[in-house]
Amino acid sequence: MGRELIQVGMVAMLFYASLACTLDYPVTEAFMFFSADARDYREVGDWLLHGTATDATLLRPYLYPVVRAVASALGGAVGVWAMQAMAWLVCVICVHLAVLTVTGRRWLAWVVSTMLMLNLSLFALTYHALTEVFTAMLLSVLMLFLAGNIDRWARPRFFCSIVLQLALLSLVRPVFFPLLLVWLFVCGPLLYYQAFKATPKALFLLVLTLLPVVPQLVIMRTKHDHLGISTVGESAFRNYLFAEGYGKVNGLSFSNARVAVQDLSGSEMRRFLGEHARTFIGLYGTHLERNIYRPDGVSLELVPKYEHPRARLFMMRTNKVYTVLHVLAFLPCSWLFIMMIRRGDKGHAVLWGMAMVVTWFILLTCGISFWQRDRLVVPVVPVFLILYMITVDALLPFRRSMIKAEGSGTP
């Protein structure tokens, strides 16, 4: 495994260097922080380190801003780029090793890592101080952990490790916080009650894994009088999907609708949603199509004057291929998951179940927002590439048995 790690690492670095020469992005502060979101993360980091006033803490949890601030302190824009590039490299290596661990097939591992390296949007985001690459890295580490611990799934330490990883993901992108709560309060009692009852000391480890979330809860409570880790989800829903639907019903422009919905209470929003459910369902479906199948632009062109028409066309087609894969893989993945549970193979069921839930949860939440190019989908690319590749491998024996049965004349 060590030799494989070195080989894929070397190939990935050479691949990254060739893409860097081809696309020729600058490593500068202006480019790195061109996006408003990147400037938000910088503001949160400055507030944490220097006490600079900002309201960005309402939307952006502290973990990525701290990592970015440390990288910036060590090397400025080059330091941030190096951190992002290292996250990309770790992501590629973990995806490769995860597939190799589950399937034992080197060729499948090289196929999946090559597919990830060819995602030009993920590569381009290493030149921006945004969370997508860092999130993709954390998700790939999670998948490698699941792949390498299939036989240890029932242990409290396994449960706590997943809690810690979901907590870190939540502190980078709050969209993962509901998954943390489900794993903690649904999967925990259902699957791990007896294990924790047998080893009460494991509860102390569980508390330790949740400690990273505490500072964010304190920040939100003391600075914004809000219970939670972020309001970014509520803000995105109010300012995008709900505002668009509100404007469509009332004949308002999107900008005017955004202003109009700011003073609506939660109960007023829910009542309006119920009264115009068909309108919002239609808009939600449109957003899913635009964010997943044909996103409005790709992340390799976030900054004007750095257009790459051929690369953009390649990514537009790649995103369409991804969508086809999602549709084709849904039933086989679900069928395998059910079969694993039925035959008591819960270790593999946890791997498949976690990959499926993460993939489709992130894809379905894409319908809330828009104007994000393919940034909403990019972080979960490592997860579904692993999922679909190990699903193909799991289905190969069934295919071979069918061919063998046909060849022997079995009715």
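The values are calculated or read from the model by the stated rules, or taken from the named source; none is laboratory data. If you're wondering where the values come from, they're calculated on a predicted model, not measured in any experiment. All Cβ positions, glycine included, derive from the backbone under ideal geometry; neighbour counts span all protein chains shown. Note: accessible area is taken over every heavy atom of the protein model, side chains too, but ligands, DNA and RNA are not part of it. Shrake-Rupley method; radii C 1.70, N 1.55, O 1.52, S 1.80 Å.
Once the 1.4 Å probe is applied to the protein heavy atoms, the range 300-360 comes out at 56 Å² accessible per residue.
Annotation: peptides 219-232, 1-14, ranked by per-residue average of other Cβ atoms within 10 Å with the highest first, follow the order 219-232, 1-14.
With the cut-off at under 16 Å, measuring from each backbone N in the range 73-98 to a point 7 Å along the Cα-to-Cβ line of MET1 picks out 93-98. Computed from the C-beta positions of LEU396 and ARG271 and an R0 of 56 Å, the FRET efficiency is 0.60 to the nearest 0.05. Axis angle, to the nearest 10 degrees, between helix 346-365 and the longest C-alpha principal axis of the chain: 30 degrees. Against the main long axis of the alpha-carbon atoms of the chain, helix 309-342 sits at an angle near 60°. Quick one: pull the percentage of alpha-carbon pairs in the range 2-147 with a separation above 18 Å. In whole percent, the long-distance tail amounts to 58. Considering only the other residues whose Cβ falls under 15 Å of the Cβ of THR54, what net charge follows from Lys and Arg at +1 and Asp and Glu at -1? My count for the surroundings of THR54 gives 0. Solvent-accessible area of ASP151, all protein chains in place: 150 Å² (probe radius 1.4 Å, heavy atoms, ligands and nucleic acids excluded). Annotation: average projected area of the chain is 24.4 square nanometres, based on the convex hull of Cα atoms across all directions.
Surface composition of the range 242-347: carbon plus sulfur atoms contribute 59% of the solvent-accessible area (1.4 Å probe, protein chains only, all chains present). Please report the base-10 log of the normalised intensity I(q)/I(0) for the range 1-45, using a Debye sum with one equal scatterer per alpha carbon and no solvent, at each q in 0.19, 0.27, 0.29 (1/Å). For the range 1-45 at q = 0.19, 0.27, 0.29 Å⁻¹, log10 I(q)/I(0) is -0.73, -0.87, -0.93. With both labels modelled 7 Å from their Cα along Cα-to-Cβ, the LYS346 to SER253 distance reads 5.8 nm.
For the range 314-378, the calculated P(r), taken from all Cα-Cα distances in 10 Å bins from zero up to the bin holding the longest distance, is 18, 43, 27, 11, 1 percent.
A straight Cα-to-Cα reach below 25 Å connects LYS346 with the lysines LYS197, LYS201, residues fewer than 8 places away in its own chain not being considered.
Taking 10 °C and 1.306 mPa s as the conditions, I'd like the Stokes-Einstein D for the range 165-259 in µm²/s, using the Kirkwood hydrodynamic radius from alpha carbon pairs. My calculation gives 99 µm²/s for D.
Between LEU210 and PHE361, the C-beta separation translates, for a Förster distance of 22 Å, into a calculated FRET efficiency of about 0.60. Based on protein heavy atoms only, the range 124-189 ends up with 30 Å² per residue of surface accessible to a 1.4 Å probe.
Projected over every direction and averaged, the convex hull enclosing the alpha-carbon atoms of the range 168-221 yields 4.0 nm².
The residue list GLN165, LEU48, PRO304 was ranked by how far each Cα lies along the charge dipole of the chain toward its positive end, using unit charges on Cβ atoms, and GLN165 comes out on top.
All Cα-Cα distances of the range 199-338, cut into 10 Å bins from zero to the largest, leave 9, 21, 23, 31, 14, 2, 0 percent in each bin in turn. Fully extending the segment from ARG155 to ARG317, taken as 0.36 nm per residue of separation minus the present Cα-Cα distance, adds 54.1 nm.
Using just its DSSP H runs of length 4 or more, each adding -39500 (n - 2.57), the chain gives a mean residue ellipticity at 222 nm of -23500 deg cm²/dmol after division by all residues.
Within the range 253-411, the percentage of alpha carbon pairs spaced more than 19 angstrom apart rounds to 67%.
Convex hull volume of the C-alpha atoms in the range 85-221, normalised per residue: 116 Å³.
Here the dipole of the range 268-338 is about 160 debye; that uses its Cα centre as origin and unit charges on the Cβ of Lys and Arg (positive) and Asp and Glu (negative).
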